[in-house]
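Chemist: Sharing a structure, written as structure tokens. Questions coming.
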Amino acid sequence: MTLLELLERRRSCRKFRPDGVPQSLVDQIIKGVMTAPSSKNTRTTRLVVVRDRAIIEKLAATRTYGSSWMKDAPLAVIVAADVQAGGLWVENCAISAIILQLMAESLGLGSCWVHVNARPHDDALPEETTAEEYIHSLLPATAGWHIECMVALGFPAEEPHPRKERDDSDKVMVIG
């Protein structure tokens, strides 16, 4: 499969089979993520791989809208950064997260990103606890890191819908 075919195939997957993800696949994904470029090669990205069902169910409550479907995922990866290691952590984490999703897709796994950074835990009370603070309360070892997102992973429970053809030429400017 070419990279373009992989990019065209990847879809957000929110329904997973109950099968666990073999450690050999997790190892390959992590190896791929650790090749991600980072600003000035600071390598600020940190990963927390969560297999524990009870913790995944609690992570599914991170956001009042947009994370509840995670409860059935067999695996979750928190993509965070040690900001003491360098700047541009949001960008570094975003690059790492998309490489994580592309690695998962290349190995036959589905995935979906849940945005955490600068998001409220409860949309009705946006001034209260943030999604990041909620995760830190569940996983105190992450307290020194900034969390960009979580990515749920697993074998898809259904085939993704084919990508609709569209003309995006109006979104591209060519100079020269």
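Chemist: Would you please list the contacts, defined by Cβ atoms under 6 Å and residues six or more apart or on different chains, that run from a residue in the range 109-130 that is touching a residue at least 12 places away in the same chain (Cβ under 8 Å) and under 13 Å from T62 (Cα atoms) to a residue that is of a type in the set (D, E) and assigned to a strand (DSSP E or B)?
Modeler: Once the first residue is touching a residue at least 12 places away in the same chain (Cβ under 8 Å) and under 13 Å from T62 (Cα atoms) and sits in the range 109-130, its partners that are of a type in the set (D, E) and assigned to a strand (DSSP E or B) give N117/E148.
Chemist: Continuing with this model, one more query. Can you name every residue in the range 8-19 that is surrounded by fewer than 13 Cβ atoms within 10 Å (Cβ to Cβ) and out of contact with any strand residue (DSSP E or B) (no Cβ under 6 Å at 6 or more places or on another chain)?
Modeler: Across the range 8-19, the qualifying residues are E8, P18, D19.
Chemist: List every residue pair whose Cβ atoms lie under 6 Å apart, where the two residues are 6 or more positions apart in sequence or sit on different chains, the first residue falls within the range 79-94 and is within 20 Å of A152 (Cβ to Cβ), and the second residue, located anywhere, is among the aliphatic types (A, V, I, L, M).
Modeler: V79/A97; A80/I147; C93/V79; C93/A81
Chemist: Scanning for something crowded, with 16+ Cβ neighbours inside 10 Å and of a type in the set (D, E, K, R), does the range 44-55 turn up at least one residue?
Modeler: yes
Chemist: Between G66, G108, which is under 12 Å from G154 (Cα atoms) and in a loop (DSSP other than H, G, I, E, B)?
Modeler: Residue meeting the stated conditions: G108.
Chemist: Let me ask something else about it. Check off (1) under 16 Å from the mean Cα position of the chain (by Cα); (2) modelled with pLDDT of 95 or more; (3) hydrophobic (A, V, I, L, M, F, W, C); (4) surrounded by fewer than 21 Cβ atoms within 10 Å (Cβ to Cβ) for L59 and give me the number that stays unchecked.
Modeler: In the conditions (1) under 16 Å from the mean Cα position of the chain (by Cα); (2) modelled with pLDDT of 95 or more; (3) hydrophobic (A, V, I, L, M, F, W, C); (4) surrounded by fewer than 21 Cβ atoms within 10 Å (Cβ to Cβ), L59 misses (4) alone.
Here's the yes/no breakdown for (1) surrounded by fewer than 18 Cβ atoms within 10 Å (Cβ to Cβ); (2) small (G, A, S); (3) not in a helix (DSSP H, G or I):
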residue	(1), (2), (3)
M103	no, no, no
V114	no, no, yes
A118	yes, yes, yes
D123	yes, no, yes
S137	yes, yes, no
E148	no, no, yes
L153	no, no, yes
G176	yes, yes, yes
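Chemist: Confirm whether S67 is surrounded by fewer than 18 Cβ atoms within 10 Å (Cβ to Cβ), within 22 Å of R11 (Cα to Cα) and polar (S, T, N, Q).
Modeler: no
Chemist: Now for a separate question. I99 versus (1) outside any helix (DSSP H, G or I); (2) touching a residue at least 60 places away in the same chain (Cβ under 8 Å): which is the lone unmet condition?
Modeler: (1)
Chemist: Out of (1) surrounded by fewer than 17 Cβ atoms within 10 Å (Cβ to Cβ); (2) modelled with pLDDT of 95 or more; (3) of a type in the set (D, E), what's the single condition that is false for E128?
Modeler: (2)
Chemist: In the range 26-63, which residues are aliphatic (A, V, I, L, M) and not in a helix (DSSP H, G or I)?
Modeler: M34, A36, L47, V48, V49, V50, A60, A61
Chemist: Only one of G144, G110 is small (G, A, S), surrounded by 11 or more Cβ atoms within 10 Å (Cβ to Cβ) and more than 17 Å from the chain's Cα centre (by Cα); which?
Modeler: The unique qualifying residue is G144.
Chemist: Count, please, the residues in the range 74-91 that happen to be closer than 15 Å to V151 by Cβ and outside any strand (DSSP E or B).
Modeler: 1
The values are calculated or read from the model by the stated rules, or taken from the named source; none is laboratory data. Note that this is a predicted model, so its numbers are computed, not measured. We place every Cβ from the backbone using ideal geometry, glycine too, and count neighbours over all the protein chains shown.
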